[in-house]
Amino acid sequence: MKDKDIIIIYDGDCGICSYFMQFAERKTRKKLSIFPFVTDSLASQYGLQLHELATESVIVIENSNIYSHSSALRLIFYYMGFIYKIPALLLALKPIEKATNILYRYISRNRHKLSKLLGMKACKIKPQ
């Protein structure tokens, strides 16, 4: 992977998503452009539909390629630095990727309930 800026669009109303994006922003040595999705204009700016974003927790755009599920998480971990490349490499393994996608879809569908259950507050990252 070539080192370049990446764009991350996440559910700003989800405490889990907001916490993970805040964590990623602190741990990365790379500039991440992180945006909570809240409007259709943000979605259309990147060639996405708002309903696509509503079914995903995190979307990563790198070099005009769009990644979601474990692929998005893998890229974020990759850019977070040396120790986090280990989970990135593990997520590249097909059995782990498949299991992670199942877990990702479950969490994505229930992210607002889980955030509330865990007492997490949303939108901890300020839009850039």
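The values are calculated or read from the model by the stated rules, or taken from the named source; none is laboratory data. Here the structure is a predicted model, which is why all the values come from computation and not from measurement. Virtual Cβ from ideal backbone geometry, glycine too; neighbours counted across all protein chains shown. Only protein heavy atoms, including side chains, enter the accessible area calculation; ligands, DNA and RNA are left aside. Shrake-Rupley method; radii C 1.70, N 1.55, O 1.52, S 1.80 Å.
Computed per residue of the chain from DSSP H runs no shorter than four, each worth -39500 (n - 2.57), the mean residue ellipticity at 222 nm is -14500 deg cm²/dmol.
Simple spin-label estimate for Asn65 and Lys116 gives 3.8 nm between the two label positions (7 Å along the Cα-to-Cβ direction from each Cα).
Available extension along the chain between Ile96 and Lys30 is 21.2 nm, counting 0.36 nm per residue and deducting the alpha carbon span. With Cα Rg over 2.2 N^0.38 Å defined as stated, name the option among [x] 0.99; [y] 1.04; [z] 1.38 computed from the structure displayed. Read-out taken from this structure: [x].
Return the sequence-ordered ³J(HN,Hα) values of the range 98-109 in whole Hz as given by the Karplus equation 6.51 cos²θ - 1.76 cosθ + 1.60 applied to θ = phi - 60°, using x for Gly and Pro. Once rounded to whole Hz, the list reads 5, 4, 5, 5, 5, 5, 4, 4, 5, 5, 4, 5.
Computed extension length for Arg105-Ile86: 4.6 nm, one decimal, from 0.36 nm per residue of separation with the Cα-Cα distance subtracted. The accessible surface of the chain, taken with every protein chain in place and a 1.4 Å probe, is 59 percent carbon and sulfur. Computed over protein heavy atoms with a 1.4 Å probe, the accessible surface of the chain works out to 59 Å² per residue.
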